[in-house]
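Structure first, commentary second.
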Amino acid sequence: MNIQEADLILVHSQGFNMLRFLTGMYFNHLFMIDQRVWKDWGILESIGKGTAPGLLSMYEGAELAVYRYRGITHQQQMKVLTHARNMGRLHYDIFIPFRILWRLGLVKFVKTFIKLLKHQYPLEIPHNVDDYVVCSEYGQESYSRVGIPIINDKFLLFPDDVRRCGKLDLVWRGIYNKVFESSLPTILTTLMSHSSETLNPNPLTTGRQENGQER
């Protein structure tokens, strides 16, 4: 699994999800990769309790898609994470549908919702910077504050927008299995060790066998 700091991770969680049911979107959540935490990765996300740190292992068994900003440098990655942390504890925007209705008006809101159901992107929903953020908005603002916006900052980023963004590259997609990921280096090391022993037997033992001097 190819992961770096500040990568954007889309999540298709297991079981029923209300957001996917109401909108037809495939991915229902987005978070950012923070720095390494021993055998795990730290993450930054906006969930029900607001913006908070967590661990990648929390999403074991879910389908993940890893997206990376094309050409991003390590320095920029660190700045994105710094800005995300410095934004402080923001509230999760549970009233986002009503805020969008207020911004668009009833007629345009209905038209936009129909576009969403038909997967007609971009939706071009106005984006306001305040103390309330949804998951994808948290990632959007973290990148924008570094000067590398994911999309036009006038509009709100949705999880499915990430898949259609020309500035982001898909670097990995699949079911995340922490046990496999953490044990893979050990497995590879063991296999290489056995291969080395097979190809390069102990010369002292070989020599004794050839000379008939086994003890």
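Read-outs: derived from the displayed coordinates by stated rules, not from any lab. This structure is a prediction, so every number in the text was calculated from the model and none was measured. Glycine gets a Cβ as well: all are built from the backbone with ideal geometry, and neighbour counts include every protein chain shown.
Test of understanding: extend the Cα→C-beta vector of Ile3 to 7 Å, then name every residue of region 16-40 with backbone N under 13 Å from that spot. Residues 31-40 fall inside that zone. Placing unit charges on the Cβ atoms only, positive for Lys and Arg and negative for Asp and Glu, gives region 8-179 a dipole magnitude near 300 debye about its Cα centre.
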